[in-house]
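Working notes, beginning with the structure itself.
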Amino acid sequence: EITKAQRALMKVIVDAYNRHKIPQDVAKKLLQDQYSAEENFLLLTEMATSQVQVLVEFTKNIPGFLSLNHEDQIALLKGSAVEAMFLRSAQVFSQKMPNGHTEVLEERIRKSGISEEFMTPMFNFYKSIGELHMIEEEQALLTAITILTPDRPFVKDQQAVERLQEPMLEVLRKLCVLQHPQEPQYFARLLGRLTELRTLNHYHAEMLTSWRMNDHKFTPLLCEIWDVQ
Ligand SMILES: CC(C)c1onc(-c2c(Cl)cccc2Cl)c1COc1ccc(-c2ccc3c(C(=O)O)csc3c2)cc1
């Protein structure tokens, strides 16, 4: 069963996950009534920029993260930002947000200059996450595990990252057994989502390229985290 130390680790991660969220006034902008492709792209850019700031604050609360080599901290954030934002936006879709964010977010993503070929894998992922009905502990741990992926590009001390990721994986495994006793393969299904996330990284890189070819501008923070412009 879950030890006291593991329960404490889970509490730190879940509290950080719940504390750091896009501010309501930013999220509410999704409900504005302009729906041009331009307006949608601008709003999604604002959401992504705010989400990256939220992600950095969440990451700083992961025990041990700030003790990692500084270049590695940056490499982990840059390498996981897109995946963490897919996870977060997937929660918005699966939680059927009370304030109607779900519908408008889907509408804006579908009409923001993303080509059809990326829509299918993207919304298949959202559907597959929704079908898992994750509790917030699982969502928070899965996000921390994604950020602490040792084999991101340019990570020098992969062992140090593994030492932080392993305890998270162990807590998540135990939590899955407790939460889904009738579904022994549930933990494996969660990890399967992480593999699916990696394929979305490739699609996302192509989405960025096609946006840039149509002269779409990003914010300085997104340019820095995605190495564009
Ligand atoms: C630059 C921009 C055009 C872009 O490029 N790729 C992607 C992008 C896309 Cl289109 C899909 C998946 C990942 C990325 Cl980076 C995006 C948009 O990224 C988003 C990131 C995050 C949210 C997001 C998060 C939380 C919440 C909450 C909440 O927590 O209460 C309420 S509303 C909301 C909205 C939406 C969009």
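Tell me which residues, restricted to the stretch 124-150, are more than 20 Å from residue 18 (Cα to Cα) and in contact with an Asp or Glu (Cβ under 6 Å, 6 or more places away or on another chain).
Of the stretch 124-150, the ones more than 20 Å from residue 18 (Cα to Cα) are 124-128, 131, 149-150.
Answer for the stretch 124-150, where residues must be more than 20 Å from residue 18 (Cα to Cα) and in contact with an Asp or Glu (Cβ under 6 Å, 6 or more places away or on another chain): 125, 150.
Within the stretch 51-103, how many residues turn out to be without any contact (Cβ under 8 Å) to a residue 60 or more places away in the chain, more than 11 Å from the ligand (Cβ to nearest atom), buried (at least 18 other Cβ atoms within 10 Å of the Cβ) and within 18 Å of residue 137 (Cα to Cα)?
Summing the residues that are without any contact (Cβ under 8 Å) to a residue 60 or more places away in the chain, more than 11 Å from the ligand (Cβ to nearest atom), buried (at least 18 other Cβ atoms within 10 Å of the Cβ) and within 18 Å of residue 137 (Cα to Cα) in the stretch 51-103 gives 1.
Just checking, which of 214, 201 is within 13 Å of the ligand (Cβ to nearest atom) and within 28 Å of residue 130 (Cα to Cα)?
Working: 214 fails: within 28 Å of residue 130 (Cα to Cα).
The match here is 201.
Would you confirm whether or not the stretch 93-114 contains a residue that is within 14 Å of the chain's Cα centre (by Cα) and not charged (D, E, K, R)? Walk me through how you get there before you give the answer.
Start the filter on the stretch 93-114 by keeping residues that are within 14 Å of the chain's Cα centre (by Cα), which leaves 93-94.
Imposing the further condition that a residue be not charged (D, E, K, R) reduces the set to 93-94.
So far as the stretch 93-114 goes, yes, one or more of its residues are within 14 Å of the chain's Cα centre (by Cα) and not charged (D, E, K, R).
Going through the stretch 118-135 one residue at a time, which ones are among the β-branched types (Val, Ile, Thr) and over 16 Å from the mean Cα position of the chain (by Cα)? If you could, list the steps in order and put the result at the bottom.
Initially, the stretch 118-135 is screened for residues among the β-branched types (Val, Ile, Thr), giving 120, 129, 135.
Result: 120, single match.
Is it the case that residue 5 is loosely packed, with under 12 Cβ neighbours inside 10 Å, modelled with pLDDT of 95 or more and either among the aliphatic types (A, V, I, L, M) or not in a loop (DSSP other than H, G, I, E, B) (or both)? Working first, answer last.
Working: loosely packed, with under 12 Cβ neighbours inside 10 Å: yes; modelled with pLDDT of 95 or more: yes; either among the aliphatic types (A, V, I, L, M) or not in a loop (DSSP other than H, G, I, E, B) (or both): yes.
So residue 5 fits the description; yes.
Hey, can you tell me all the residues within the stretch 217-229 that are within 18 Å of the chain's Cα centre (by Cα), free of Cβ contacts under 8 Å to residues at least 60 places away in the same chain and either surrounded by 13 or more Cβ atoms within 10 Å (Cβ to Cβ) or away from the ligand (no atom under 12 Å from the Cβ) (or both)?
224 - this is the single residue of the stretch 217-229 that is within 18 Å of the chain's Cα centre (by Cα), free of Cβ contacts under 8 Å to residues at least 60 places away in the same chain and either surrounded by 13 or more Cβ atoms within 10 Å (Cβ to Cβ) or away from the ligand (no atom under 12 Å from the Cβ) (or both).
Could you say which residue among 190, 148 is in contact with a Leu (Cβ under 7 Å, 6 or more places away or on another chain) and either modelled with pLDDT under 95 or more than 28 Å from residue 114 (Cα to Cα) (or both)?
Numbers: 190 fails: either modelled with pLDDT under 95 or more than 28 Å from residue 114 (Cα to Cα) (or both).
None of the other options fit; the residue is 148.
So, in the stretch 16-45, exactly how many residues are part of a helix (DSSP H, G or I) and under 18 Å from residue 146 (Cβ atoms)?
Taking the stretch 16-45 and keeping what is part of a helix (DSSP H, G or I), we get 16-19, 24-31, 37-45.
Going one step further and asking which of them are under 18 Å from residue 146 (Cβ atoms), we end up with 16-18.
Within the stretch 16-45, residues that are part of a helix (DSSP H, G or I) and under 18 Å from residue 146 (Cβ atoms) number 3.
The values are calculated or read from the model by the stated rules, or taken from the named source; none is laboratory data. Not measured: the values here are computed from a predicted model. Backbone-built Cβ (ideal geometry, glycine too); neighbour counts: all protein chains shown.
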